[in-house]
Amino acid sequence: MEILVCVKRVPDTAENEITIKGDGTDIQRDDLVYSVNEWDNYATEEAIQIRDKVGGAVTVVTVGDSEAEEILRRQMAMGADKGILLADDAFEGSDGRGIASILKAEILKGKYDLILTGAQADDGAAQVGGMLAAMLDWPYASLVNKIEIDGKKLKIGREIEGGNQEMNEIELPCVLSIQTGINEPRYVGIRGIRKVASVEIPSHGAGDLGIAAGSVGAAAARVKRADYFTPVMGKGAEMLEGSMEEKIDKLIELLKAKGGLK
Amino acid sequence: MAQIFAYIAHKNGVVEDSAAELAVAAKKIDAAAQPTAIVTGSGSTLDSACQGAAKLYAQVWKLDNAALAYPNGEVVRKALAKIVPAGSIVLIPHDTFGMDMAPGLSIKLDAAYAADIVGLDGLSGATLKAVRQEFAGMAHTHVTIDTAKGAVLTLRPGSFQPDGSSASGSVTDKSGDAGDLGAKRRFLQVVEAETGDVDITKADVLVSVGRGIEDAENISIAQELAEAMGAVVSCSRPIVDAKWLEKSRQVGTSGKTVKPKVYMAMGISGSFQHLGGLKGSPFIVAVNKNPKAPIFQVADVGIVENILEFMPALTEKIGG
Ligand SMILES: Cc1cc2nc3c(=O)[nH]c(=O)nc-3n(C[C@H](O)[C@H](O)[C@H](O)COP(=O)(O)OP(=O)(O)OC[C@H]3O[C@@H](n4cnc5c(N)ncnc54)[C@H](O)[C@@H]3O)c2cc1C
Ligand SMILES: Cc1cc2nc3c(=O)[nH]c(=O)nc-3n(C[C@H](O)[C@H](O)[C@H](O)COP(=O)(O)OP(=O)(O)OC[C@H]3O[C@@H](n4cnc5c(N)ncnc54)[C@H](O)[C@@H]3O)c2cc1C
């Protein structure tokens, strides 16, 4: 099975405090720690496990700048066979539709049976996989937490409300967005990264993909970010101050009043 | 002025809360809007869902087809792409169905797409201004959406409070316009989530741990605190994904809905999917090392500390 996994380089929210720039145009990106979108790790792991079972190859692809190469190498260290970087100044400022059109152009250059994306990335939009499938006219299923291969078909589970699982049958080729928890992504050590450090990663631009200038990028985006802002919230939490001892004493008092402690 | 449509989610013949929320959202886009509800399904449950929708919307479009009996995103998308006129604004709840169906619908309708909207500032010309969150709620943004060729918008459940207004709408049967509903994805069945050995939905006090617990071995720290408090341990989703606790202890939209008196959120950032599982206005205590964690916006009491130090100290003080 030829599998393509779409991966995105995102600021690691567990490692970073996200602060908004003074003028609201962006977040402070200078000191951010970046990593692979959490969901994409599960997608890569799933692709590797499928390949190991039925044969074929796993390719990882990202739309990004040259720095995004590092996440391709990381996924290759996990076991992906190949990486492709889609980079061009013309891609900058693309909205979800733009990203999906760029990925579609690359997919049509290859011969894939299965495309995996993460369920969502840092923008929380959960859009790229579904758009891509619609553009390709391939069937789609989102939030997939189980995949069984059955010839030219897959039996898949979708995670729905309440943690229930919606079972479906879907024909290949198809696009699936992967939900966390489907597997346990393998650990990547420094040694693994070193092994793939010198592997050539091809980079394709708008010209290579036959993408008309102006059909992607900021000019084509129908959704634009106007600004970042700090919302006026309700009262917010009463913050307990002082030493840890003092906070604990105050908390115990509150818990007793609210029925949290007998 | 673009026509506004709302996709109505329903179960067992009853429309979900989102039906009223989308009606409110439509008014925020355009105060004079006369939104149309679209209800898809099959048979008698569809008819009662249409009746429910007609109490909220002046126009209701009914799509009755055996292929729509279960809301399979692939099939519903095909039907909507056929019946929604070009240039319309379509509102859909941002739930597991909306995430499945809506992005592709925007492509099929050649409309703009904006997901998980939490606020709407209204149209000016064809430009719609909306509010979204990024980075797990750590940043808010205004986005502008060019609706000139229509737009598909998914709205975060609970973000638009129903205003109590009602309608006595009429139902139009559009079933004949849906066309061929064959799809390459077939719904088989729903497998219910396993029930575990504890029932966190019955607990009065929950000590709930998130990714801040950092390691499987540290789970015992929370268990000791829970024991000292006479509470039950629950958790956020990453703890279940990592297999440190069983799924039946997960709080959230894809886990359990809980109604405790007191909820201790330990190292939990406060994503909307997590908070979606907290009902009945519990007294929320949040302990987090990041003073800017979104959980502090919804908690009653906040403490900036390392939970790995704070929880054992609290346990000791209580006398565990
Ligand atoms: C400088 C800058 C400017 C931007 N300007 C705009 C703008 O004007 N308007 C706008 O709407 N957005 C803008 N964006 C956001 C950006 O285009 C998003 O990457 C895009 O909307 C898709 O990301 P998402 O988080 O919505 O993906 P989701 O749909 O939430 O992600 C789901 C999955 O899709 C795949 N995927 C997502 N992105 C990529 C990628 N880049 N490469 C490969 N696979 C991917 C991954 O598998 C991911 O798990 C901007 C971003 C940057 C950095
Ligand atoms: C369709 C869908 C359904 C989902 N359903 C659910 C659901 O049902 N339930 C759910 O929980 N999530 C759900 N999620 C995931 C959700 O989006 C978040 O990713 C998740 O809730 C984050 O969990 P968290 O707060 O534990 O982790 P994080 O967001 O990583 O937050 C960890 C927090 O711990 C703090 N911290 C770290 N170390 C320490 C320390 N030593 N001391 C104190 N604080 C510390 C950090 O500052 C941070 O605020 C769902 C996602 C999707 C897409």
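When the residues of the stretch A:12-35 are filtered to those that are within 20 Å of the chain's Cα centre (by Cα) and among the β-branched types (Val, Ile, Thr), the one that is farthest from the other protein chains (Cβ to nearest Cβ) is A:VAL33.
Can you confirm whether the stretch B:232-245 contains a residue that is in a helix (DSSP H, G or I) and over 30 Å from A:ILE20 (Cβ atoms)?
Looking for residues that are in a helix (DSSP H, G or I) and over 30 Å from A:ILE20 (Cβ atoms), one finds at least one in the stretch B:232-245, hence yes.
Of the residues screened, B:SER220 is one that is hydroxyl-bearing (Ser, Thr, Tyr), in a helix (DSSP H, G or I) and away from chain A (no Cβ under 14 Å).
Out of the residues in the stretch A:141-151 meeting the condition of being over 19 Å from A:GLU184 (Cβ atoms), more than 12 Å from ligand 1 (Cβ to nearest atom) and assigned to a strand (DSSP E or B), tell me which one is farthest from the other protein chains (Cβ to nearest Cβ). Of everything passing the filter in the stretch A:141-151, A:ILE149 is farthest from the other protein chains (Cβ to nearest Cβ). Scanning the stretch B:260-282 for residues that are in contact with an Asp or Glu (Cβ under 9 Å, 6 or more places away or on another chain) and more than 8 Å from ligand 2 (Cβ to nearest atom) returns B:PRO260, B:LYS261, B:VAL262, B:PRO282. Could you check the stretch B:58-171 for strands (runs of 3 or more DSSP E) lying wholly inside it with 2 or more residues that are surrounded by fewer than 19 Cβ atoms within 10 Å (Cβ to Cβ) and of a type outside the set (Phe, Trp, Tyr)? Fully inside the stretch B:58-171 and qualifying: B:119-124, B:127-134, B:139-146.
A quick yes/no check of all residues on (1) at pLDDT below 95; (2) surrounded by 16 or more Cβ atoms within 10 Å (Cβ to Cβ); (3) over 30 Å from B:THR147 (Cβ atoms):
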position	(1), (2), (3)
A:ASN168	no, yes, yes
A:CYS174	no, yes, yes
A:ILE178	no, yes, yes
A:GLY189	yes, no, yes
A:ALA197	yes, no, yes
A:ALA206	no, yes, no
A:LYS250	no, yes, yes
A:GLU253	no, no, yes
A:LYS258	yes, yes, yes
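Among the residues examined, A:LEU154 qualifies as on the phi < 0 side of the Ramachandran plot and facing chain B (nearest Cβ under 10 Å). Among the residues of the stretch B:191-213, those identified as within 16 Å of ligand 2 (Cβ to nearest atom) and surrounded by 13 or more Cβ atoms within 10 Å (Cβ to Cβ) are B:ALA193, B:GLY196, B:ILE200, B:THR201, B:LEU206, B:VAL207, B:SER208, B:VAL209, B:GLY210, B:ARG211, B:GLY212, B:ILE213.
Of the residues making up the stretch A:236-260, just one is of a type in the set (Lys, Arg) and either in contact with a Gly (Cβ under 8 Å, 6 or more places away or on another chain) or in the same structural domain as A:GLY93 (by TED's automatic domain parsing) (or both), namely A:LYS250.
Name the residues in the stretch B:288-320 that are without any contact (Cβ under 8 Å) to a residue 60 or more places away in the chain, under 17 Å from A:LEU254 (Cβ atoms) and not in a loop (DSSP other than H, G, I, E, B), would you? Answer for the stretch B:288-320, where residues must be without any contact (Cβ under 8 Å) to a residue 60 or more places away in the chain, under 17 Å from A:LEU254 (Cβ atoms) and not in a loop (DSSP other than H, G, I, E, B): B:ILE295, B:PHE296, B:VAL298, B:VAL301, B:GLY302, B:ILE303, B:VAL304, B:PHE310, B:ALA313, B:LYS317.
The values are calculated or read from the model by the stated rules, or taken from the named source; none is laboratory data. Just so you know, these numbers come straight off a predicted model, no measurement behind them. No Cβ is skipped: glycine too gets one built from the backbone with ideal geometry, and neighbour counts run over all protein chains shown.
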